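Following: one structure in structure tokens, then a few remarks.
The values are calculated or read from the model by the stated rules, or taken from the named source; none is laboratory data. Keep in mind it's a predicted model, so treat the numbers as computed, not measured. Note that we place each Cβ from the backbone using ideal geometry, even for glycine, and neighbour counts take in every protein chain shown. Quick note on the areas: whole protein, heavy atoms, side chains included, nothing else; ligands and nucleic acids left out. Shrake-Rupley method; radii C 1.70, N 1.55, O 1.52, S 1.80 Å.
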Amino acid sequence: MSIQAIKDPNVKAFPTPAKPAEVIAFTAKVRRRFEPGAIAGKLASTLVPPAIVIVVMLVIWQIACSSPNASLPPPSQVWTEAYDLIAHPFFDYGPQDIGLAWRVLISLQRVAIGFGLAAIVGVALGALVGQSIWAMRGLDPVFQILRTVPPLAWLPLSLAAFRDSSPSAIFVIFITSIWPVIINTAVGVRNIPEDYRNVSRILRLNQLEFFVKIMVPAAAPYIFTGLRIGIGLSWLAIVAAEMLTGGVGIGFFIWDAWNSSRLPDIIVALAYIGVTGFCLDRLVAAVGAFVTRGTTAK
Amino acid sequence: MTAYLKLDHIDKSFARGGQVSEVLKDIRLTIDKGEFVSIIGHSGCGKSTLLNLIAGLTKVTAGAVLLENKEVDSPGPERAVVFQNHSLLPWLTVYENINLAVSKVFGRTRSRAERHDWIMRNLDLVQMAHARDKRPAEISGGMKQRVGIARALAMEPKILLLDEPFGALDALTRAHLQDAVMDIHSRLGSTTIMITHDVDEAVLLSDRIVMMTNGPAATIGEVLAVPLARPRRRVELSSDRTFLRCREAVLKFLYERHRFVEAAE
């Protein structure tokens, strides 16, 4: 029997439904409600383990330093003797008697100037070295030697050159943190895909346009790696430099506390330095993640 | 009548570590305004090198590229290239990618509003206006290539150079884009040179097909005119006699007379 043979009007090749299909919209029940349980759980999983470790360390430290002939103070003694430093970071009782937060800020200010200069000069030099084969051949060996010089070894020279402690400290920061910026920028520039260069050549971008519109964005992930290493190094260098140059920074505070045998103060200052260094690192990493979003994705 | 684009006895060789390898030898070709020319050949025959020479991205060893009787030896927006891998800048949106080209080429001659209209017109041309604020990573390969074409067209080039533009795409997307390119070519009448290794694509799109011999020292083996009326429709053409004859001619050239020899690489 062929299909044409079907004459019955009720038989259809494509039966139409009695009722047209209804479009049922999905009612999205996305609850962006504040869920205290989930957030508390997440916080607990990130905060509880380090908290336990810290408590255990404090207990061990307390036990180890409790004997009367211990050379270092136990945590309890740090708490009682340096209480005003811990509880009042922003007190200000005169030129040499200020809270630790002020000292950290003064050190940070030096880091900001020194590191800021290092970032600008470092990216520019790195771009030159990455872009020009002759600049690389000439400058790279020099950079490789100079970058191994320890930060403090620069200090006597810079004191002699600047004849003042503050610019000397800033110079030490600069010279310490510039190398990773230069080297990483150069690698980033060397790794710019040939296609991007071809695009810029077809558009006849000039040197400045190429630098701003192609080179810096394309090398941004590398540049930020360099900046992150650089800011860590500069925070290392400033504390050491301030110990020697004096002034009101956090580094000099430690040296001063040592000279007047205030060991608990030193311990509190160390905690400040550590936390600040951590924050700086995370800050640069966060800025980098924000600026380079989309850059690495192909 | 003088040719629009003239490749005048072009040789190209690369010197690497004291060894000179000859890639192209005595390339002679003239292309008229509005013509669509495909260059086909086996991989390694120097097709892409030839395109780069026309684009000015590499310099000729001997001979000259003449555009409207003027020698061109450096890249410029009047010879816009659509690269095989799109090469959109990943940190810019679709709109910004085209804007980079438009503001560089027309920054002085057109107002901001005119430039905006021009960008949107080109995005419309490749049907990508809906994705103007997306970044290249967020759109598909075919869409990226559309944007690449829009960027090249937005430079208002005298010659559009397509470097295996559909090579990295799947067959369906490729067919869509071929139709889009044919449509654009018929609307704008842009002089186009396309590198390809796909015989059907070459016959479907081109007015003439330039067939390259194998390297080293590759040259133009044969030039085949494709006398098919436009607009061309791929479904009708698949049984068209002229289409099949052209296709056969190219296949014969590539697989009988100039077989790809692996050792020549």
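Other residues whose C-beta falls under 11 angstrom from the C-beta of B:Leu224 contribute a net charge of +1, scoring Lys and Arg +1 and Asp and Glu -1. Given a 1.4 Å probe and the protein chains as shown, A:Phe252 ends up with an accessible area of around 50 Å². Of the residues A:Thr225, B:Thr109, the one with the largest accessible area comes first in the ranking B:Thr109, A:Thr225, computed with a 1.4 Å probe on protein heavy atoms. For the stretch A:99-169 versus the stretch B:58-75, the inter-centroid distance based on Cα atoms is 47 Å.
Mind listing the long-range amide H neighbours of B:Glu222? Cut-off is under 5 Å, sequence gap 5 or more, other chains count too, H placed in the peptide plane at 1.01 Å from N. Long-range HN contacts for B:Glu222: B:Met211. Three principal axis extents describe the C-alpha atoms of the stretch A:83-291; from largest down they are 66, 37, 23 Å.
Backbone geometry of the stretch B:39-44 corresponds, through the Karplus equation with coefficients 6.51, -1.76 and 1.60 at θ = phi - 60°, to 3J(HN,Hα) couplings of 10, 10, x, 6, 5, x Hz, x marking Gly and Pro. For the protein assembly as shown, the residue among B:Leu57, B:Ala229, A:Cys65 whose Cα projects farthest onto the positive side of the dipole built from Cβ charges is B:Ala229. The modelled label-to-label distance for the pair B:Asp26/A:Ala135, using points 7 Å beyond Cα in the direction of Cβ, is 4.5 nm.
Per-residue shielding of B:29-36, expressed as the average number of other chain Cβ atoms within 10 Å of the residue Cβ, stands at 0.
When A:Tyr222, B:Tyr95, A:Tyr196, A:Tyr83 are compared by accessible area at a 1.4 angstrom probe, the order from most to least is A:Tyr83, A:Tyr222, B:Tyr95, A:Tyr196. A straight Cα-to-Cα reach below 12 Å connects A:Lys213 with the aspartates and glutamates B:Glu96, residues fewer than 8 places away in its own chain not being considered.
Applying both filters, DSSP loop and at most 14 other Cβ atoms within 10 Å, to the GluC sites (Glu not before Pro) of the stretch B:189-249 eliminates every site. For B:Leu162, the residues whose amide H sits under 5 Å from its own are B:Val82, B:Ile193, B:Met194, B:Ile195, ignoring neighbours fewer than 5 places away on the same chain, with H placed 1.01 Å from N. So if R0 is 30 Å, what FRET efficiency would A:Cys65 and A:Trp258 give, r being the distance between their Cβ atoms, rounded to the nearest 0.05? So, using R0 = 30 Å, E works out to roughly 0.95.
The 3J(HN,Hα) values that the Karplus relation (6.51, -1.76, 1.60; θ = phi - 60°) gives for the stretch A:169-186 are, in residue order, 4, 5, 5, 4, 4, 4, 6, 7, 8, 6, 5, x, 5, 4, 5, 5, 4, 4 Hz. Gly and Pro appear as x.
Computed over every Cα-Cα pair of the stretch B:82-238 and binned at 10 Å starting from 0, the pair-distance distribution P(r) comes out as 10, 37, 33, 16, 4, 0 percent. Computed from backbone phi with θ = phi - 60° and the Karplus coefficients 6.51, -1.76 and 1.60, the 3J(HN,Hα) list for the stretch A:101-108 is 4, 4, 5, 4, 5, 5, 4, 4 Hz; x is used for glycine and proline. Neighbours of B:Val82 by Cβ distance under 9 Å: Lys/Arg scored +1, Asp/Glu scored -1, total 0.
Could you size up the charge dipole of chain B around its Cα centre, putting +1 on the beta carbon of Lys and Arg and -1 on that of Asp and Glu, and report it in debye to the nearest 20? Computed about the Cα centre, the dipole is about 480 debye.
Can you give the translational diffusion coefficient of the protein assembly as shown in µm²/s, computed by Stokes-Einstein from the Kirkwood radius over Cα pairs at 20 °C and 1.002 mPa s? D = 72 µm²/s.
Note on B:Asp124: accessible area is roughly 90 Å² with a 1.4 Å probe, heavy atoms of protein only. Other residues whose C-beta falls under 15 angstrom from the C-beta of A:Arg204 contribute a net charge of +4, scoring Lys and Arg +1 and Asp and Glu -1.
Comparing A:Pro180, A:Pro141, A:Pro68 in a Gaussian network model of chain A, where Cα atoms under 10 Å apart are tied by springs, the biggest mean-square fluctuation is seen for A:Pro68. Using the structure shown, select from B:Lys12/B:Lys70; B:Lys47/B:Lys134; B:Lys12/B:Lys158; B:Lys134/B:Lys158; B:Lys59/B:Lys144; B:Lys12/B:Lys47 the pairs with a Cα to Cα distance greater than 22 angstrom. Flagged as over cut-off: B:Lys47/B:Lys134; B:Lys12/B:Lys158; B:Lys134/B:Lys158; B:Lys59/B:Lys144.
Here the stretch B:145-239 is assigned +1 on the Cβ of each Lys and Arg and -1 on the Cβ of each Asp and Glu. Its dipole about the Cα centre then comes out at about 300 debye. Within the full protein context, the accessible area of B:Arg234 is estimated at about 80 Å² for a probe radius of 1.4 Å. Each of A:Leu283, A:Trp235, A:Gly99 was placed along the dipole of the protein assembly as shown (beta-carbon charges, centred on the mean Cα), and the one lying farthest toward the positive end is A:Leu283. Note on A:Asn206 and B:Glu222: the model spin-label points, each 7 Å out from Cα along the C-beta direction, lie 5.1 nm apart.
Between the amide H of B:Trp91 and any residue lying 5 or more places away or on another chain, no distance stays under 5 Å, with hydrogens modeled in the peptide plane.
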